[in-house]
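Here is the structure we will look at, set down as C-alpha cells.
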Amino acid sequence: MINDKPIAVFDSGVGGLTVLKSLKDRLPKQNFIYLGDSARLPYGSKTPQTIRKYAVQCLSFLSQFEPQAYIVACNSASTQIAESEWLGKPLLTVIEPVVKVASQVTKTHHIGVIGTRATINSKLFSKLLKVLNPDEHVFEQSCPLFVPLAEEGWVDDPITNLIAYRYISPMMQNPIDTLILGCTHYPLLKSSIQKASGAGVNLIEAGPTLANEIEHLILNQKIDPTQDGSLRIFLSDRTSQSDFWTKSLMGLDLDFEIESADL
Ligand code: DGL
C-alpha cells in the first residue's frame, strides 16, 4: 500500500541530521519530516525531567503531520522515552538498535560508549548491553565539548583532535574493540574520534542501524512505503549559520526548504 504520511525524526539540533541523512540515502522515496530543537540545544546538559518535557513537546509538534512512525534521533532524549509507540504509531529511539549491533560485532567484549552527560549518567547503554550479555565490559565517558564543536562545524580540526584524544585515550587503555557513538552529533566528528580511539576500533553510529530498523518495519508492513521522497526540515530557532549547516549536512543537491517551528 502507498501512503503519503512521513516518518518524523527529531533531535535537539543538527546531530539528528546524521540519522536523517542515512535514512534518506537508504530510502530516497520515503517522505520525512525533521525537527531540530535548536532553540533549546543542548539537551545533554539538562536534567532528565527537562529533557523528557522537551522531547514530548517535539513529539507533539511532529504529531500534527500524522507521521507513520517517530524516530527520537537524540540519545539524550532517547534515555527519557520508554514508550515504543506514540499515538498508536511505532516509536524508535537511537539506543536499542545501536546496542544490538555493538554486541554483535565486539570480539573482545570490551565496549566503549561516549555520549552527553545526560546519556552517560543514565547508564542506559551499559544496562542494555549487559542484558544482552552479562559478561560484557562497558566503559562510558561523557564528552560535553563535542556537541558545540559539531554544531560549530569543527569536524576535522586540530583542536577537535586534541579534545577527542583527551576524552577517549584513557578508556582505550582497556582492550576496547567497539566504540558506540552515543550521541547523534558525534558522527560529524568521526575522523577525530577514530584517530583518538585507533584505526582498528569499530565506531558504531545510529544512522545505518535505524535505516535497517525502518527497512524491517516496511518489510513487515508496519510502515507503508511512500513515493514522493518529500522532505521538510523545521528548526525551533533559525540563524544563517544553522540554515547553512543544515543544507550542507543534507547535501546541497537535495531540494528542501528550512521552516521555523514554534514549539
Ligand atoms: N544529539 C544529541 C544526542 O544524541 C545531543 C545534543 C545535545 O546535547 O543537545 O544526545
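The label-point distance for residue 121 and residue 155, in a model that sets each label 7 Å from Cα toward Cβ, rounds to 3.0 nm. The value obtained for the chain, namely the Cα convex hull volume divided by the number of residues, is 118 Å³ per residue. The mean sequence distance of close C-alpha pairs (under 8 Å, at least 6 residues apart), as a share of the length of the chain, puts its relative contact order at 28 percent. Other residues whose C-beta falls under 14 angstrom from the C-beta of residue 37 contribute a net charge of 0, scoring Lys and Arg +1 and Asp and Glu -1. Estimated translational diffusion coefficient (Stokes-Einstein, Kirkwood radius over Cα pairs, 4 °C, 1.567 mPa s) of the stretch 87-210: 89 µm² per second.
Can you give me the distance in nm between label points at residue 141 and residue 66, each placed 7 Å from the Cα along the Cα-to-Cβ direction? For the pair residue 141/residue 66, the computed spacing is 4.8 nm. Kirkwood radius and radius of gyration were both taken over the C-alpha atoms of the stretch 19-82, and their ratio Rg/Rh is 0.98.
The Kirkwood radius of the stretch 39-115, taken over pairs of alpha-carbon atoms, gives through the Stokes-Einstein law at 4 °C and 1.567 mPa s a diffusion coefficient of 93 µm² s⁻¹.
The base-10 log of I(q)/I(0) for the stretch 153-263, evaluated at q = 0.10, 0.19 Å⁻¹, reads -0.46, -1.10 [Debye formula, identical scatterers on Cα atoms, solvent excluded]. If I fit a long axis through the Cα atoms of helix 48-63 and take the longest principal axis of the Cα atoms of the chain, what angle between them do I get, 0 to 90°, rounded to 10? With rounding to tens, the tilt is 30 degrees.
Distance between the modelled labels on residue 255 and residue 237, one decimal in nanometres: 3.3 nm (7 Å Cα→Cβ projection). In a fully extended conformation the segment linking residue 174 and residue 47 would gain 42.7 nm over its present Cα-Cα distance, using 0.36 nm per residue. Over all other residues within a Cβ to Cβ distance under 11 Å of residue 125, the charged ones net out to 0, with Lys and Arg as +1 and Asp and Glu as -1.
Return the percentage of antiparallel bridges among DSSP beta bridges fully within the stretch 1-122, rounded to the nearest 5 %. Rounded to the nearest five, the antiparallel share is 15 percent. The three principal axes of the Cα atoms in the stretch 1-42 give end-to-end lengths of 39, 18, 8 Å, sorted in falling order. Within the set of other residues whose C-beta is less than 15 Å from the C-beta of residue 13, count the net charge using Lys and Arg as +1 and Asp and Glu as -1. Surrounding charge for residue 13 is -1. Magnitude of the charge dipole for the chain, about its Cα centre and with charges confined to Cβ atoms of Lys, Arg (+1) and Asp, Glu (-1), is about 680 debye. Taking the square roots of 5 times each eigenvalue of the Cα gyration tensor of the stretch 85-158, largest first, gives ellipsoid semi-axes of 24, 20, 12 Å.
Values in this text are rule-based calculations from the coordinates and carry no lab data. In this text, all values refer to a predicted model and were calculated from it rather than measured experimentally. Virtual Cβ from ideal backbone geometry, glycine too; neighbours counted across all protein chains shown.
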